[in-house]
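The values are calculated or read from the model by the stated rules, or taken from the named source; none is laboratory data. Quantities reported herein were computed from a predicted structural model and do not represent experimental measurements. Here the Cβ positions follow ideal geometry from the backbone for every residue, glycine too, while neighbour counts run over all protein chains shown. Accessible surface is based on the protein model in full, side chains and every heavy atom, while ligands, DNA and RNA are left aside. Shrake-Rupley method; radii C 1.70, N 1.55, O 1.52, S 1.80 Å.
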Amino acid sequence: MDTAIVALPLIGALIAGLFGRWIGDRASMFVTCALLVMSAILSAFVFKDVALDGNVRTTELFTWIDSGSFELSWALKVDTLTAVMLLVVTVVSAMVHVYSVGYMSHDPCRPRFFSFLSLFTFFMLMLVTADNFVQMFFGWEGVGLASYLLIGFWYEKPSACAAAIKAFLVNRVGDIGFALGILGAFFLFGTVGFDQVFAAVPNFAEARFEFLGTDVHALTTICILLFIGAMGKSAQLGLHTWLPDAMEGPTPVSALIHAATMVTAGVFMLCRLSPMFEYAPVALQLVTYVGALTAFFAATVGLTQFDIKRVIAYSTCSQLGYMFFAIGVSAYQAAIFHLMTHAFFKALLFLGAGSVIHALSNEQDMRRMGGTYKLIPITYILMWIGSLALVGLPPFAGYFSKDMILEAAYGAHSGHGNIAFWLGVVAAFMTAFYSWRLLLLTFHGAPRASKEVMSHVHESPAVMIVPLIVLAAGAVFAGYLGYDLFVGEGREAFWGDSILVLAANDSIDAAHHVPTWVKMAPLVMGVAGIALAYVFYIFVPGLPAALARTLRPIYLFSFNKWYFDELYERVFVRPAFYLGQGLWKSGDGALIDGVGPDGIASATRELARRAGRLQSGYLYHYAFAMLIGVVALITWYIIGQVG
C-alpha cells in the first residue's frame, strides 16, 4: 500500500507525459486524476493504520547505492509524521488535479500540464517517505525541478520563463547549504540513514570539527546548513524572492506549490530532524528569529499588493514563518498541525482566487474587480471560509493551530520565544487586515471592471467548485478534529518516536498553561484587523489613498517588498551579469577562441591570402620568381663552399 501511494502519481505522470498525444486530453486528465484520488484514499487507510493504530514501518524496496563499504537501500519510512504528510499532500493534490480539469479546459497542452502536476506530487511523496538523507535529497531536487516546469508552463510568456529560472536559482542557493549539511552529517556520523544518525546524536552532542578553517560545534553547524536548505524551499526571509514571482504559473500550480507541497518541504525536513536540532539550541534560536521576521515581513508586504494571487502568496510566506518559529521553540507538533490546517485553507484560497480570475476573464488586479459577490455567490462563501480560517477565528482550523504556535512561543519563556510571540501577534493583525482587504476589494463595492467583463461573470463549473467544497470542509473541521491528537493530551501517543522533544524544551505543554490574555491576543488582533479593513474599504473608502500619500515612503517600502529584488539585482545579478559578459567577451571570445580555433583559422586564412597574391597569372612574374630562386640557391652554394 505504501509503495502504491508513491508510485501511482508517477504512473500517471508517465502515461500523460509519454502517451498524451495518442490517448488524448480527456484520457490524460482522467488517468492522472483517478490515480491521485486512489493515492489519497490509500493515504487515508495508511493514516489510520500508522498514525492511529501505531503500525510504524520501513519498507526496503531495493539496494540503491553499493560502493565499497557504503550501502544504501531505497526504502519507504512511514511513521506518524510521514502518514500526516501523505494524507495532506495526496488530498490537496487530488483536489488540485480535479479542479484543473475545469480551469485548464481551454489550454492546448493539458497532457503536459497534468503530467507535470503528477510528477511534482511523486517527488513530494518521495521526499516525505525518505529513509535517509540522500533519498530525501532526491525528492528535494525533484520537487525543485517539477516546480521549474510548472511555474514556466506557459513558456511563451517571458515573465513565466524568468520566474521559473528565478525559482530554480534561488532554491539552488539553499540547496547548497542542504547538500553541505548532508555531507557534514555523513562526516560526523559515518552514515546517512535517519535511524542510525538519530541514535548516535546524543553521543556527539558536544562534538566539534573544523569548518571553513574554524573550530565549530559540529551539530550546530550541520543544523544551520540544513536550515539554509529549508529557507530556500520554504521561502524564508532572504531566500523568499522566488515565491511571489511563482504566481506566473497557472493558478492550480500556485495552490499545489504554496499550500501543501513544495513550500512545506522545509518545515517537514526540520521536524523530521528534530532529534538533531534538539541538541543544537543555537540553530533553533536562528530558526526562531528567521521565522518570526519572515512572518512579520511578509505580512507587511501583503498589506499593499493588488494582484490577488500575490496577496495570497505573501500570506503563505507569512504562515510559513509561523511554522518555522514554532520549530525554533521546539513546538514541532504545532508546526505540523499548522502545516496541515494551512494546506486546506490556503489551497482553498488559491483555488478560490482562480475561480474569481476565471469568472473575470483572467483579471488578477483587485483594483479592477468589485461588485461580484451576487454573481459568484458560492465562490464568495468559500473565500470567506478560507479567510476566516487564515485569520484564525473560531471554530475554523487556523484558530486551533496558529494560536497554539503563539502560545507555545510565549510558553517557551525565552528571549527568542518572546520576540517571536510579539512579532506573530502583530502579523496576526496584519493578516486579518489584508485578508479582508482582499475580500472587500474583490467582491464588494461598485464594479470596477468593464461592462463587457461584468456581463460574462459567472460561477465556475462543478468540476471546479466540488474540490473547493472538499477543501472548505478541511478548513472548517481539521483544526477541531486534529487538536487533541496533534497538540492536546493525546499527542505523545499519536506522535510516538517520529518527533523528539527534550523534556526541558516542551513548549507545547507550557502552552496549555499560559495566561488568558496570551490566548485571547490573536483573536483580538484578528477582529481588530477585520474591523479596520471595513473602515478603510467600506465606510471611508478614500482613506487608503490618503494614508498612502501621507506615508508615501513607508507605503513604497511595503509596496516594493522592502526592495529585496532591487537589492539583489544590484548586489548579485548585475555583477554576475557583467562578470559573465566579461568572461564571455574577453576570456572565451578574445583569449580562448581568439588564440585557439578562431586564431588558427584566421592565421590560415591570412597565409592563404598572401600566398594567393603570388599566383598573378603573368608569365614574367613566374620567370622573375624563378630567377630569384636560382640566385638564392647559387648564393647559398657559394657561401657554403667559402665556409
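Descriptive notes on the structure:
- Residue match in the stretch 89-105 (condition: open to solvent by 10 Å² or more (accessible area, probe 1.4 Å), under 19 Å from Glu248 (Cβ atoms) and not in a helix (DSSP H, G or I)): no
- Subset of the stretch 285-311 [touching a Phe, Trp or Tyr at 6+ places or on another chain (Cβ under 7 Å) and open to solvent by 10 Å² or more (accessible area, probe 1.4 Å)]: Leu286, Val290, Leu303, Thr304, Gln305
- Candidate set: the stretch 61-86, residues that are without any contact (Cβ under 8 Å) to a residue 60 or more places away in the chain and in contact with a Ser or Thr (Cβ under 8 Å, 6 or more places away or on another chain); chosen: the one nearest to Phe120 (Cα to Cα): Ala83
- All positions within the stretch 22-48 that are within 26 Å of the chain's Cα centre (by Cα) and open to solvent by 80 Å² or more (accessible area, probe 1.4 Å): Met38, Ile41
- Test: residue in the stretch 104-121 that is in contact (Cβ under 8 Å) with a residue 24 or more places away in the chain and within 30 Å of Phe198 (Cα to Cα): yes
- Of all residues in the stretch 368-379, those satisfying the criterion of being out of contact with any Lys or Arg (no Cβ under 8 Å at 6 or more places or on another chain) and either in a helix (DSSP H, G or I) or aliphatic (A, V, I, L, M) (or both) are Leu375, Ile376, Pro377, Ile378, Thr379.
- Residues satisfying the stated conditions in the stretch 511-521, i.e. open to solvent by 30 Å² or more (accessible area, probe 1.4 Å) and either under 30 Å from Ala446 (Cα atoms) or in a helix (DSSP H, G or I) (or both): Thr516, Trp517, Lys519, Met520
- Test: residue in the stretch 439-451 that is under 14 Å from Met525 (Cα atoms), in a helix (DSSP H, G or I) and open to solvent by 40 Å² or more (accessible area, probe 1.4 Å): no
- Test: residue in the stretch 49-65 that is crowded, with 18+ Cβ neighbours inside 10 Å, in contact with a helix residue (DSSP H, G or I) (Cβ under 7 Å, 6 or more places away or on another chain), under 18 Å from Pro9 (Cβ atoms) and among the small types (Gly, Ala, Ser): no
- First in the stretch 595-619 and closer than 18 Å to Lys585 by Cα, second anywhere and at pLDDT below 75, Cβ under 9 Å, 6 or more apart: Asp598/Gly589; Asp598/Ile592; Gly599/Asp593; Ser602/Gly594
- Taken across the stretch 562-579, residues that are exposed (fewer than 13 other Cβ atoms within 10 Å of the Cβ), farther than 30 Å from Leu293 by Cβ, of a type outside the set (Gly, Ala, Ser) and at pLDDT below 90 do occur, with at least one present.
- Some residue of the stretch 179-191 being surrounded by fewer than 19 Cβ atoms within 10 Å (Cβ to Cβ) and not in a helix (DSSP H, G or I): yes
- Odd one out for Ala75, checked against (1) within 26 Å of Ile336 (Cβ to Cβ); (2) assigned to a helix (DSSP H, G or I); (3) open to solvent by less than 30 Å² (accessible area, probe 1.4 Å): (2)
- Given (1) open to solvent by 20 Å² or more (accessible area, probe 1.4 Å); (2) β-branched (Val, Ile, Thr); (3) within 23 Å of Gly352 (Cα to Cα), index of the condition Val524 fails: (3)
- Residue among Ala44, Ala51, Ala75, Ala83 that alone is in contact with a strand residue (DSSP E or B) (Cβ under 6 Å, 6 or more places away or on another chain) and over 30 Å from Phe153 (Cα atoms): Ala75
- Glu278 vs. criteria touching a residue at least 24 places away in the same chain (Cβ under 8 Å) and out of contact with any helix residue (DSSP H, G or I) (no Cβ under 6 Å at 6 or more places or on another chain): yes
- Of all residues in the stretch 120-134 being in contact with a strand residue (DSSP E or B) (Cβ under 7 Å, 6 or more places away or on another chain) and of a type in the set (S, T, N, Q), the one that is nearest to Val92 (Cα to Cα): Thr129
- Single match in Thr32, Thr82, Thr59 (criterion: among the polar types (S, T, N, Q) and over 26 Å from Gly266 (Cα atoms)): Thr32
- Unique residue being over 17 Å from Pro9 (Cβ atoms), in a helix (DSSP H, G or I) and open to solvent by less than 70 Å² (accessible area, probe 1.4 Å) when the list is Leu81, Leu86: Leu81
- Tyr480 fulfils the conditions (1) open to solvent by less than 60 Å² (accessible area, probe 1.4 Å); (2) touching a residue at least 60 places away in the same chain (Cβ under 8 Å); (3) touching a Phe, Trp or Tyr at 6+ places or on another chain (Cβ under 9 Å) except for a single criterion, (1).
- Taken together, the residues in the stretch 122-134 that are touching a Leu at 6+ places or on another chain (Cβ under 8 Å) and in a helix (DSSP H, G or I) amount to 5.
- Among the residues of the stretch 106-121, the ones that are part of a loop (DSSP other than H, G, I, E, B) and buried (at least 20 other Cβ atoms within 10 Å of the Cβ) come to 0 in all.
- Residue satisfying all of: in the stretch 412-427; aliphatic (A, V, I, L, M) and over 12 Å from Gly302 (Cα atoms); surrounded by the most Cβ atoms within 10 Å (Cβ to Cβ) among these: Ala420
Rundown of residues vs (1) closer than 30 Å to Val31 by Cβ; (2) open to solvent by 20 Å² or more (accessible area, probe 1.4 Å); (3) in contact (Cβ under 8 Å) with a residue 12 or more places away in the chain, yes/no style:
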residue: Phe123; (1), (2), (3): yes, yes, yes
residue: Gly139; (1), (2), (3): yes, no, yes
residue: Leu145; (1), (2), (3): yes, yes, yes
residue: Ala160; (1), (2), (3): yes, no, yes
residue: Lys166; (1), (2), (3): no, yes, yes
residue: Ile176; (1), (2), (3): no, yes, yes
residue: Leu212; (1), (2), (3): no, yes, no
residue: Cys223; (1), (2), (3): no, no, yes
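- Leu547 vs. criteria of a type outside the set (Ser, Thr, Tyr), touching a helix residue (DSSP H, G or I) at 6+ places or on another chain (Cβ under 9 Å) and in a helix (DSSP H, G or I): yes
This table checks each residue for (1) touching a residue at least 40 places away in the same chain (Cβ under 8 Å); (2) at positive phi; (3) surrounded by fewer than 22 Cβ atoms within 10 Å (Cβ to Cβ).
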site	(1), (2), (3)
Ala343	yes, no, no
Ser355	yes, no, no
Gly371	yes, yes, yes
Tyr380	yes, no, yes
Ala389	yes, no, no
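- The residue list Ala230, Ala199 contains one member that is aliphatic (A, V, I, L, M), surrounded by 14 or more Cβ atoms within 10 Å (Cβ to Cβ), assigned to a helix (DSSP H, G or I) and at negative phi, which is Ala230.
- Of everything listed in (1) at pLDDT 95 or above; (2) under 23 Å from Phe345 (Cβ atoms), the single unmet condition for Leu35 is (2).
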